[in-house]
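The values are calculated or read from the model by the stated rules, or taken from the named source; none is laboratory data. Being a predicted model, the structure only gives us computed values, none of them experimental. Positions of Cβ are generated from backbone atoms using ideal geometry, with glycine treated the same way; all protein chains shown enter the neighbour counts. Side chains included, ligands, DNA and RNA excluded: accessible areas come from the protein's heavy atoms. Shrake-Rupley method; radii C 1.70, N 1.55, O 1.52, S 1.80 Å.
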6 protein chains.
Amino acid sequence: MPIVEAHILEGYTPEEKSRLTTALTDAIRLVVPASDEAVTVMIHEMAPDNYARGGKPRSPAPALPDPKQIAHDFLAAMEKRDLATAKAMLAPGFRMTFPGTAQMATLDELIAWARDRYRFVRKTITSTEAFHKDGAAVVYVSGTLSGEWPDGTPFEGIRFIDRFEIEDGKLATQDVWNDIAEERGA
Amino acid sequence: MPIVEAHILEGYTPEEKSRLTTALTDAIRLVVPASDEAVTVMIHEMAPDNYARGGKPRSPAPALPDPKQIAHDFLAAMEKRDLATAKAMLAPGFRMTFPGTAQMATLDELIAWARDRYRFVRKTITSTEAFHKDGAAVVYVSGTLSGEWPDGTPFEGIRFIDRFEIEDGKLATQDVWNDIAEERGA
Amino acid sequence: MPIVEAHILEGYTPEEKSRLTTALTDAIRLVVPASDEAVTVMIHEMAPDNYARGGKPRSPAPALPDPKQIAHDFLAAMEKRDLATAKAMLAPGFRMTFPGTAQMATLDELIAWARDRYRFVRKTITSTEAFHKDGAAVVYVSGTLSGEWPDGTPFEGIRFIDRFEIEDGKLATQDVWNDIAEERGA
Amino acid sequence: MPIVEAHILEGYTPEEKSRLTTALTDAIRLVVPASDEAVTVMIHEMAPDNYARGGKPRSPAPALPDPKQIAHDFLAAMEKRDLATAKAMLAPGFRMTFPGTAQMATLDELIAWARDRYRFVRKTITSTEAFHKDGAAVVYVSGTLSGEWPDGTPFEGIRFIDRFEIEDGKLATQDVWNDIAEERGA
Amino acid sequence: MPIVEAHILEGYTPEEKSRLTTALTDAIRLVVPASDEAVTVMIHEMAPDNYARGGKPRSPAPALPDPKQIAHDFLAAMEKRDLATAKAMLAPGFRMTFPGTAQMATLDELIAWARDRYRFVRKTITSTEAFHKDGAAVVYVSGTLSGEWPDGTPFEGIRFIDRFEIEDGKLATQDVWNDIAEERGA
Amino acid sequence: MPIVEAHILEGYTPEEKSRLTTALTDAIRLVVPASDEAVTVMIHEMAPDNYARGGKPRSPAPALPDPKQIAHDFLAAMEKRDLATAKAMLAPGFRMTFPGTAQMATLDELIAWARDRYRFVRKTITSTEAFHKDGAAVVYVSGTLSGEWPDGTPFEGIRFIDRFEIEDGKLATQDVWNDIAEERGA
């Protein structure tokens, strides 16, 4: 039965508002055992003229970009080895952690390191999840890897999960877990 | 600036309402680039007498238990090999996926399989994240593993991440990724 | 989907608030093609301290009595020929209209006139409907009559409908239609 | 003092919203002894983008047609013996009950039966009342009948009341009471 | 933290709504020790179709003119001795009180009386304050006077304060205090 | 017709809420030409549990004391020459301006200066007005003075107006205008 009303400044797109109603519905359902059908969300948009904090009108900030899309775009760029695009998506201070090696700070490091692990790798994404935490969007992308080992043998169906933190639309961290060592060692 | 009002039936504890305001604040911040300070949440509680859907009053369902707590309790029970407690936390149809083996359905299977992988393992949890998705609470627990290999050699600092789905307070799935094979094989 | 919020001063009983939520649900459904389930009503009660019109607090007036109950009580009193009770329920200026006779103003007139129509009459009520119109509650009571004609022959199953206007808890008008003449003349 | 807020999807006409505010005002006044002036109704219209139940946007259904108008149109068509129009207004399963005869299901039955009761009849409507009950609009139309008896003698001023149930804009039932037998038998 | 929502009929200008949000923010801060930043005001505008009191729609009245502007315009007209303009700004029954003389009712009286006090006077306004009280806007204008005494000696920096009551956009009263006698007598 | 809703944390007294509803009613009426009767104010109080900004609950600050009362208490203390009480009411940096002398910072200065102006003075207060401006409460107190000149001659009916700024319950400024010089010089 919960009913949620969100008052925001006008200017968001239908897609952005849809992301917002979904997030608010999920927020309720984390605590209240209501079926999806039982959660109603109303967004009340206000013209900037009709809102004041501290007696002063405010302008709506542009919505944050969809963090799931950002994660997907980054993974696609990396898969194509389109490093220019991928690098442009990184926040200053970006750091990534992959299985079996120290933390890395640049994509070049990553590519150098990966060379010994596989000839190439493709991701089949089966799940993408996003939520907000402490000022950043957190995105989990999971699925399976396929590709070729350094000796050319193909592999497939290896489980992976990537965790991204995205701040102001830029990737701040990437943490990767997968079963490559399980399979490789098998 | 967003202001969120949630209308719920009365009967939730301060801790439950706190989880709700946090979840709603995070929901807003997934889309609207507001600082935490700029998001206001008001919960309006109603007596059951004061609410009707379809002309009929409704009773508030008890809040869902904190899914982070459930995941922590399960991991603690498993670490202590308190299988009675751990089994009581599983939903019918529970299934779990660990690195390097097929999907398992019972804790006994898990324990039998793990025997060859390590003598024991301890989890140091550094992050727990929870959100709602498609009727279930999803919880991610990550951190590092320490313990002893089957030959008694100690290990520590091995990264892991567990993903749980929790339905109606019971664990429906556990998916585990970690760097054990990386380390063991090293 | 409509959601109705009613702000009232606190002090109404659960039964009174239930009548209110039903009436508001019905009001919506007269215009909006929503199923009963899809209409949500929230009553927000305010302490008198928390409400001001014209800068002055107001006290809640006692709820109006249930007009259906008033109509039923009046009909029961008349059926028992408990005229003292029935008369006490009439507003000044009460008038009633029955089939085949001029408008009457007193219950004594009614009883004198009815003497030639039947020895006694019992009402089996199958439907009672109430709504508000122009400052009065309107109640329709319908069902069937049974009793004995002046010659002692019994009758039953004769359709009737009574319309009452109730102002400030008192009966202002009673208009009666029935099939007595159809049956008697048959 | 009651203040009513109704949240609906946008798309209703001023006339439809006026019917809604009237119905909500009447709903309040059935329970709360406020003068008409003291009841405030605010309708908040939302774009479909701004509303979600179960995380999904909804489209506004077209408003229900005015049930008073439907009843009047039907009575006018019957008075003109415009049976094509009148039949098109009936719901499947329509049934009607008139004084002194069994329940009828078709207008043709009605017309055949009425032939012996009067040459023609005209309705002078003095009151029309509508409200919602259990998924249907209920309309009461009352006033007086005039016309000619089968022998050509004129009559007038005979009281009648018709009760209609209207579902999804179609007439489901018509129940008629009047004083024809009183007058005819006089 | 207070959040204020004002529901008004649509039709007010941004400037008028800005005056409203300022006044509401100040109203809160007269009682609640919140910083300006902590007071949020939302204005919800309704189309006349969407509002009914007593079941009837209402039209928005034009906003009241800014009382500070009225006071400034009147003082400017008087300073220029533009009596036609100034007189047009007075309400019937206008009365004014100046230091050291009886209450006056016309600007001509004022000008005759002032002739002995100074050759001319200019106002330097340093503060203008407005609020509403008992059906009138009250405006305080304060600052310093400069000009020439009747003998041609110049003066300046003499403190003054004027209090105006403005009803329906017209000046009802003017009460003046200043230090002219202090200075003149010095 | 304006309807104002103020959401505040619970904990204010009826008297404090009454000051709030009055201030909000006056705020509306400064801009919207509604009669007092036409302005409705609803205060919605929330338990601290039910409110969060930035995901954290907040405690209600105690209401600000009534600034009119503070001004009256200060004037009464000064009239009684109860300097201990009066001094305790001053904010650091207090300054006062009286007719015909330089700005003063202490009550002792004031009393020394006043000794030459009158033996004693009594205030008859006819109007007290308070509003909020830029973080301070502004209070205007006006009326007439009576007392004795230094030579013992009595005086009365001399107009005065005092303007106070009150910050956090302490007097920050006092500005005084009156007609003493007009009268004394007459």
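Some notes on this structure:
- FRET efficiency, B:SER59 to D:ASP168 (Cβ-Cβ, R0 30 Å, nearest 0.05): 0.40
- For the stretch E:5-37 and the stretch F:144-186, distance of Cα centres in Å: 34
- Fluctuation leader among A:VAL121, A:VAL41, A:VAL31 - chain A, Gaussian network, Cα springs under 10 angstrom: A:VAL31
- Exercise: per-residue mean of other protein chain Cβ atoms within 10 Å, E:132-140: 5
- Projecting the Cα atoms of F:MET104, F:HIS7, F:ASN50 onto the charge dipole of chain F (Cβ charges, centred on the Cα centre) puts F:MET104 farthest toward the positive pole.
- F:GLU167 - accessible surface, heavy atoms, 1.4 Å probe, Å² rounded to 10: 80
- Each residue, E:THR101 and B:ALA91, gets one label point 7 Å from its Cα in the Cβ direction; the gap between the two is 8.8 nm.
- Candidates A:GLY169, A:GLY93, A:GLY54, ranked by Gaussian network fluctuation over chain A, Cα under 10 Å, top entry: A:GLY54
- Sum of side-chain charges, C:ILE8 neighbourhood, beta-carbon under 15 Å (Lys, Arg +1; Asp, Glu -1): -4
- Those aspartates and glutamates that a straight Cα-Cα span of less than 16 Å connects to F:LYS56, excepting residues fewer than 8 apart in one chain: A:ASP134, B:GLU5, B:GLU15, B:GLU16, B:ASP26, B:ASP36, B:GLU37
- Once the mean of 1/r is taken over each pair of separate Cα atoms and inverted, the stretch F:1-133 shows a Kirkwood hydrodynamic radius of 18.7 Å.
- Sorted from closest to farthest, the other copies place their A:ASP73 label points 4.3, 5.3, 5.3, 6.1, 7.1 nm away, with each point set 7 Å from Cα along Cα→Cβ.
- Residue-count net charge about C:ALA63 - beta-carbon cut-off 10 Å; Lys, Arg +1, Asp, Glu -1: -1
- Cα-based Kirkwood hydrodynamic radius, the protein assembly as shown, one decimal, Å: 36.2
- Placing pseudo-labels 7 Å out from each Cα toward the beta carbon at F:PHE120 and A:LYS133 gives an inter-label distance of 7.5 nm.
- Alpha-carbon centroids, the stretch C:63-128 and the stretch A:69-135: separation in whole Å: 85
- Carbon and sulfur %, accessible surface of the protein assembly as shown computed with the full protein complex present, 1.4 Å: 50
- Ellipticity estimate at 222 nm from DSSP helix runs (n ≥ 4, -39,500 (n - 2.57)) divided over chain A, nearest 500: -7500 deg cm²/dmol
- For the stretch C:1-73, alpha-carbon Rg and Dmax in angstrom: 14.6, 42
- Comparing E:LYS68, E:LYS87, E:LYS17 in a Gaussian network model of chain E where C-alpha atoms under 10 Å apart are linked, the largest mean-square fluctuation is found at E:LYS17.
- Seen from E:ILE180, the other residues with C-beta closer than 11 Å to its C-beta sum to a net charge of -2, counting Lys and Arg as +1 and Asp and Glu as -1.
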